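K.L.:
There's a structure below that I have some questions on.
The values are calculated or read from the model by the stated rules, or taken from the named source; none is laboratory data. Everything numeric here is computed off the predicted structure, so don't read it as measured data. All Cβ positions, even for glycine, are placed from backbone atoms using ideal geometry, and neighbour counts span all protein chains on display. Note: accessible area is taken over every heavy atom of the protein model, side chains too, but ligands, DNA and RNA are not part of it. Shrake-Rupley method; radii C 1.70, N 1.55, O 1.52, S 1.80 Å.
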Amino acid sequence: MNELEQDVNQQPLTWKQYLVVASLLFGLFFGAGNLIFPIHLGQMAGANWLVATLGFLVTAVLLPLLSVLAISVTHAQGVYDIGLPLGSTFALVFMILIHLTIGPLFGTPRTASISFKVGIEPMLPQNMAQIGLLIFSTIFFVCAFVVAYEESNILTSIGKVLNPLFLLLLFIVFLMGFFSPMGRAAAQKVTLAYQQAPFFNGFLQGYNTMDALAGLAFGVTVVTAVRQMGKTTAKSNAKVTAKAGILATLTIGVIYVALIWLGATTLQHYRIAADGGTTFNQIVTYYLGNVGHALLASLITVTCLTTAVGLIAAFAQDFHRSFPKVSYHTWLFLMTLASFLTANFGLDTIIAWSTPMLMFLYPFAMVLILLSITANLFNKDRVVYFWTVLFTLVPAFLDMIAAFPPVVSQSSWALALKGVQMKFLPFAAIGMDWIIPALLGLTIGLACHYVVTRKVKSLQN
């Protein structure tokens with residue numbers, strides 16, 4: 001074994017080092033959106049909350065961990081490299097779509113709209129909500145831009161103190177909910193969708209966290225941190241990332257289970273809200289009163305601001321790397337401005353229009369993550385990637401059209417496409433119609449790979 005095939009640090013990492021990596025992963029994945037979607041899922045699932053939770057954990061916990069492992073195993077420098085087996089054009093388009101989704105179109109605006117929804121809007125008259133959001137989002141994104149422009153670590157340092165305090169208060173709410181529940185979750189009403197397919201609807205709700213996409217886009221940060229600890233080979237880097245990732249994602253998973261259960265118990269006192277932000281506000285006020293609500297709202301705003309700074313800075317850095325003629329600070333300004341404009345459409349509108357994009361991107365993300373992790377089994381053959389992704393394209397596109405708000409999804413052409421989708425694609429009714437085409441494409445790709453491999457071997461012999 002030569003030196004390049006050995007770790008720089010061949011000693012086992014300490015538990016403290018594992019905790020550092022786990023903390024980094026936790027910070028990467030857990031944001032305000034990870035609070036509101038599990039709660040909303042609990043309200044919709046009612047008595048079927050546990051089965052729905054299992055589906056949610058697959059896409060909100062397991063898949064993000066696999067996305068970081070895919071970065072580690074392939075030595076990728078980001079989401080661009082994950083798509084590169086299909087060519088530079090596909091890789092660039094895939095990178096742009098993911099960054100726009102977790103960035104200025106949906107993910108970053110959500111940090112401001114959730115902070116406002118939870119902390120400020122409940123204190124305002126209804127007719128002042130829009131102007132309140134405008135003022136709040138202006139201050140929010142000006143602060144985010146200034147911190148990211150100066151590349152200051154002040155907010156990160158503050159976050160290291162306030163984020164644990166936020167989690168402590170959240171833990172207190174969990175304890176109060178456990179010892180004095182609002183109602184019995186197993187006895188609550190179940191919405192129609194969760195009566196029929198609770199697991200798969202929970203699976204699809206996990207898309208809203210956007211964590212698998214974030215793992216592809218920012219997983220290199222975690223992998224680089226592990227390399228700096230001396231674990232430089234792909235095998236040992238992936239092993240450390242997996243161990244720390246299991247620790248981080250188990251923690252996140254426990255929080256998700258508690259939030260989903262809490263959401264289900266609220267049905268004893270509150271109606272199903274349009275979004276989890278409203279329900280989260282109700283839960284905190286119920287258990288901690290107005291003072292507790294004000295404190296938690298302040299902490300969640302700082303947490304969201306820290307996340308926003310990270311997102312706009314990462315977007316500007318990646319786009320400056322791909323399009324160097326535009327400076328980092330210009331990309332930063334454009335990203336911040338776009339996020340500010342989108343945030344003022346409000347949380348409900350952001351969620352409604354982000355869902356179609358997630359229904360389109362997540363099948364590709366899942367396919368590419370699994371192909372990246374198993375690529376050595378077929379020598380990273382491009383033909384396997386090509387056929388699998390090609391067969392995923394049509395159902396993913398049809399799912400996107402069906403998920404649009406009624407102005408699109410109920411149009412005559414969209415309904416015609418939906419009729420074809422329901423007739424010819426199995427599992428279309430539950431949004432999982434991409435699975436069989438993807439498996440068919442994978443089978444064709446592997447068959448082509450092995451036929452060519454055998455021909456090459458026979459010619460060599």
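K.L.:
Considering only protein heavy atoms and a 1.4 Å probe, what is the carbon-and-sulfur percentage of the accessible area of the chain?
P.N.:
That fraction is 69 percent.
K.L.:
Select one label from [x] 0.97; [y] 1.08; [z] 0.95: the one whose number is Rg/Rh (Cα atoms, Kirkwood Rh) as derived from the coordinates shown.
P.N.:
For Rg/Rh (Cα atoms, Kirkwood Rh), the calculated option is [x].
K.L.:
What is the stretch 311-373 by shape, rounded, prolate or oblate, if you read a ≥ b ≥ c off the alpha carbon gyration tensor as root eigenvalues and call it rounded for a/c under 1.5, prolate for a/b larger than b/c, and oblate otherwise?
P.N.:
Judged from the Cα gyration tensor, the stretch 311-373 comes out oblate (a/c at least 1.5, b/c at or above a/b).
K.L.:
Keeping all protein chains in place and using 1.4 angstrom, which order do Tyr270, Tyr450, Tyr385 fall into by accessible surface area, from largest down?
P.N.:
Tyr450, Tyr270, Tyr385
K.L.:
Here's a follow-up. Using 0.36 nm per residue, how much length does the chain from Val291 to Val326 gain when fully extended, once their Cα-Cα distance is taken away?
P.N.:
Between Val291 and Val326, full extension yields 8.0 nm more.
K.L.:
Now for a different question. In the structure shown, do any of Lys235/Lys455; Lys380/Lys457; Lys231/Lys325; Lys235/Lys457; Lys380/Lys423 have a Cα-Cα gap over 26 Å, and if so which?
P.N.:
Lys235/Lys455; Lys231/Lys325; Lys235/Lys457; Lys380/Lys423
K.L.:
Also, quick follow-up: Taking Cα atoms, how many degrees apart are the long axis of helix 33-45 and the longest axis of the chain, rounded to 10 and kept between 0 and 90?
P.N.:
80
K.L.:
Using a 10 Å cut-off on Cβ atoms, rank the peptides 337-348, 206-217 from the highest mean neighbour count down.
P.N.:
206-217, 337-348
K.L.:
While we're looking at this one, here's another question. Could you give the distance between the Cα centres of the stretch 371-404 and the stretch 2-79, to the whole Å?
P.N.:
Taking the Cα centre of the stretch 2-79 as reference, the centre of the stretch 371-404 is 22 Å away.
K.L.:
What is the helix-to-structure angle for 63-74, meaning the angle in degrees between its Cα long axis and the longest Cα principal axis of the chain, kept from 0 to 90 and rounded to the nearest 10?
P.N.:
Roughly 30 degrees, rounded to the nearest 10.
K.L.:
Where only protein heavy atoms count, and the probe is 1.4 Å, what is the accessible area per residue for the chain in Å²?
P.N.:
On a per-residue basis, 46 Å².
K.L.:
Then there is this: Give the residue from Phe427, Leu398, Leu377 lying farthest towards the positive end of the charge dipole for the stretch 330-439; charges sit on Cβ (+1 for Lys and Arg, -1 for Asp and Glu) and the dipole is referred to the Cα centre.
P.N.:
Leu377
K.L.:
Find how many whole Å separate the alpha carbon centroid of the stretch 249-317 from the alpha carbon centroid of the stretch 179-213.
P.N.:
After rounding, the separation between the Cα centres reads 16 Å.
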